[in-house]
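Scroll down for the structure; my scribbles are underneath it.
The values are calculated or read from the model by the stated rules, or taken from the named source; none is laboratory data. As the structure is a computational prediction, the values presented were derived from the model and not from experiment. Virtual Cβ from ideal backbone geometry, glycine too; neighbours counted across all protein chains shown.
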Amino acid sequence: MSETRPTKQAEVMVNWNLVFPNQANPSGNMFGGDVMAIMDTTAAMAAKRFSEREVSTVTVEAVHFAKPIMVGDNIKTTARVVAVGNSSMMVKADVYRDIGGNKLMRCVSAFLNFVAFDYQRQPTQVPLLELTPEDEKAHKMALVIKKSAEERAELLKQIEAG
Ligand SMILES: CC(C)(COP(=O)(O)OP(=O)(O)OC[C@H]1O[C@@H](n2cnc3c(N)ncnc32)[C@H](O)[C@@H]1OP(=O)(O)O)[C@@H](O)C(=O)NCCC(=O)NCCS
């Protein structure tokens, strides 16, 4: 008899960092790679907590460095599972700089795909995602990104084969 797949809500994982000079270019802007490392770690923690499994990043989609982050900024990174497949999870990550007055400015966003593994490091099923009203927009965005990534992968395969 097959087991029923559990359903659960995703929590927001939150991570704060202070930007140091060794993370910046000579103009004082934070390096994209350093921002992405923080996003990847925070998103991995969100995926791990949701699936209760070890996870690996498979792809990063729709990375947008919309606003610069500067040395000395307090930055807040949030990550949340917004869509699931069978063994895969798409996590939306956003990085905000604290601009004072209790306000945050979103600077970077991305959607990261993770796969959950069992103890033999084989992809393993994750719970179904129970969407809350606040997840709905991000879930719709994740589905658009997933579809366009699949179409792009197919086209790239055809070019490579041809
Ligand atoms: C993750 C990995 C095991 C997937 O291998 P694979 O042979 O494609 O595995 P499967 O075909 O069983 O696919 C597993 C899942 O990955 C998803 N996946 C695989 N390639 C993908 C891609 N390019 N984009 C999005 N999802 C992808 C599949 O859709 C599937 O999801 P589903 O179960 O929800 O349908 C393999 O690519 C890997 O080990 N990569 C290295 C990961 C890593 O080292 N990351 C950096 C450090 S964390």
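Listing for the model above:
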{"quantity": "Residue under evaluation N29, criteria (1) of a type in the set (S, T, N, Q); (2) within 20 Å of V12 (Cα to Cα); (3) more than 10 Å from the ligand (Cβ to nearest atom), criterion not met", "calculated": "(2)"}
{"quantity": "Selected residue (criterion: surrounded by the fewest Cβ atoms within 10 Å (Cβ to Cβ)) from residues of the range 23-52 that are free of Cβ contacts under 8 Å to residues at least 24 places away in the same chain and not in a helix (DSSP H, G or I)", "calculated": "P26"}
{"quantity": "Among residues of the range 108-130, those that are within 16 Å of the ligand (Cβ to nearest atom), surrounded by 13 or more Cβ atoms within 10 Å (Cβ to Cβ) and part of a strand (DSSP E or B), counted", "calculated": "10"}
{"quantity": "Which listed residue is in contact with an Asp or Glu (Cβ under 7 Å, 6 or more places away or on another chain), modelled with pLDDT of 95 or more and not in a strand (DSSP E or B), from A138, A149, A142", "calculated": "A149"}
{"quantity": "Residues of the range 1-13 satisfying the condition of being touching a residue at least 24 places away in the same chain (Cβ under 8 Å), out of contact with any helix residue (DSSP H, G or I) (no Cβ under 8 Å at 6 or more places or on another chain) and of a type outside the set (S, T, N, Q)", "calculated": "R5, P6"}
